[in-house]
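Asks: Dumping the structure here so I can ask a few things about it.
The values are calculated or read from the model by the stated rules, or taken from the named source; none is laboratory data. Nothing here was measured: the structure is a model prediction, and the numbers come from that model. When we count neighbours, we look across all protein chains shown, and the Cβ atoms used for this are built from the backbone with ideal geometry, even at glycine.
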Amino acid sequence: MKPDDFIAAISPAAQACAAKTKIPASFTIAQAALESGWGAACPGFNLFGIKADASWHGPVTEQVTHEVVKGKPITITAKFRAYSDWLGSIEDHASFLTGNPRYSGAFAYASGSTFARAVAAAGYATDPDYATKIISIIKAHNLSTLDS
């Protein structure tokens, strides 16, 4: 999917979620773009690659994925959460962020860029450049205009 098409497809859901959760739409869209390769890798509308562990009682999709186990790369088939639409994926991801106390400090920020820095600083990803990557997507596609 082209970036403009991806942004147009998920913006309404990201903005609706932002109105309820205060997670900036720009952050949600940029993170979804980064995690899904602009929608190229999101079977079952799963924008964030959330696996279906024992706590998940909804639909799943099985996908081949690459993991590192005991320092060695392996290929496995894993179950991932599946949703009926973009909003379901975005709301489930928001529930993870709002329900996890480690990310509570991020909610002091209204801009996607500062929210991204706070989430990354709280340990969201192991990539030390995670926030920088999200912020570059926000800036390159002027996503901050979607925050209200």
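Asks: Collect the residues in segment 65-89 that are closer than 24 Å to Trp38 by Cβ, assigned to a strand (DSSP E or B) and aliphatic (A, V, I, L, M), keeping them in residue-number order.
Replies: Scanning segment 65-89 gives a single hit, Ala78.
Asks: Now, a different point. Within segment 96-120, how many residues are in a loop (DSSP other than H, G, I, E, B) and among the hydrophobic types (A, V, I, L, M, F, W, C)? Please lay out each step first, then the result.
Replies: So the first thing to find is which residues in segment 96-120 are in a loop (DSSP other than H, G, I, E, B), and the list is 100, 109-111.
In the following step, the residues that additionally are among the hydrophobic types (A, V, I, L, M, F, W, C) were identified as 110.
The number of residues fulfilling the criteria is 1.
Asks: Quick one: in segment 24-76, of everything that is over 23 Å from Lys139 (Cβ atoms) and polar (S, T, N, Q), which residue is surrounded by the fewest Cβ atoms within 10 Å (Cβ to Cβ)?
Replies: Ser55
Asks: While we're on this one: Is it the case that Thr21 is surrounded by 14 or more Cβ atoms within 10 Å (Cβ to Cβ) and either at pLDDT below 95 or over 11 Å from the mean Cα position of the chain (by Cα) (or both)?
Replies: yes
Asks: Kindly indicate the residue of segment 126-142 that is in a helix (DSSP H, G or I) and not hydrophobic (A, V, I, L, M, F, W, C) and also nearest to Gly49 (Cα to Cα) among those meeting that condition.
Replies: It comes out as Tyr130.
Asks: Still on this structure, I have one more. State which residue is modelled with the lowest pLDDT when the search covers only segment 24-58 and only residues that are within 12 Å of Leu97 (Cβ to Cβ) and not hydroxyl-bearing (Ser, Thr, Tyr).
Replies: Of everything passing the filter in segment 24-58, Ile50 is modelled with the lowest pLDDT.
Asks: Which condition number in (1) out of contact with any Pro (no Cβ under 9 Å at 6 or more places or on another chain); (2) in contact (Cβ under 8 Å) with a residue 40 or more places away in the chain; (3) part of a loop (DSSP other than H, G, I, E, B) is the one that Gly123 fails?
Replies: Failing condition for Gly123: (2).
Asks: Quick test for you: out of Pro12, Pro73, Pro24, Pro43, pick the one residue that is touching a Gly at 6+ places or on another chain (Cβ under 9 Å) and not charged (D, E, K, R).
Replies: Of Pro12, Pro73, Pro24, Pro43, the one residue that is touching a Gly at 6+ places or on another chain (Cβ under 9 Å) and not charged (D, E, K, R) is Pro24.
Asks: What's the number of the condition Phe80 fails, among (1) at pLDDT 95 or above; (2) surrounded by 15 or more Cβ atoms within 10 Å (Cβ to Cβ); (3) more than 18 Å from Ile137 (Cβ to Cβ); (4) not β-branched (Val, Ile, Thr)?
Replies: Going through the list (1) at pLDDT 95 or above; (2) surrounded by 15 or more Cβ atoms within 10 Å (Cβ to Cβ); (3) more than 18 Å from Ile137 (Cβ to Cβ); (4) not β-branched (Val, Ile, Thr), Phe80 breaks only (1).
Asks: So, one more: Looking at segment 43-84, which of its residues are basic (Lys, Arg) and more than 21 Å from Thr126 (Cα to Cα)?
Replies: Those that are basic (Lys, Arg) and more than 21 Å from Thr126 (Cα to Cα): Lys79, Arg81.
Asks: Among the residues of segment 67-85, write down those that are within 19 Å of the chain's Cα centre (by Cα) and hydrophobic (A, V, I, L, M, F, W, C).
Replies: Residues satisfying the conditions are Ala78, Phe80, Ala82.
Asks: Being over 30 Å from Ser144 (Cβ atoms), in contact with a Pro (Cβ under 7 Å, 6 or more places away or on another chain) and of a type in the set (Val, Ile, Thr) is true for just one of Thr61, Thr65, Thr77. Which residue is that?
Replies: Thr61
Asks: A follow-up question, please. Considering each residue of segment 29-48, count those that are part of a loop (DSSP other than H, G, I, E, B) and farther than 14 Å from Met1 by Cα, and give that number.
Replies: Here the count works out to 2.
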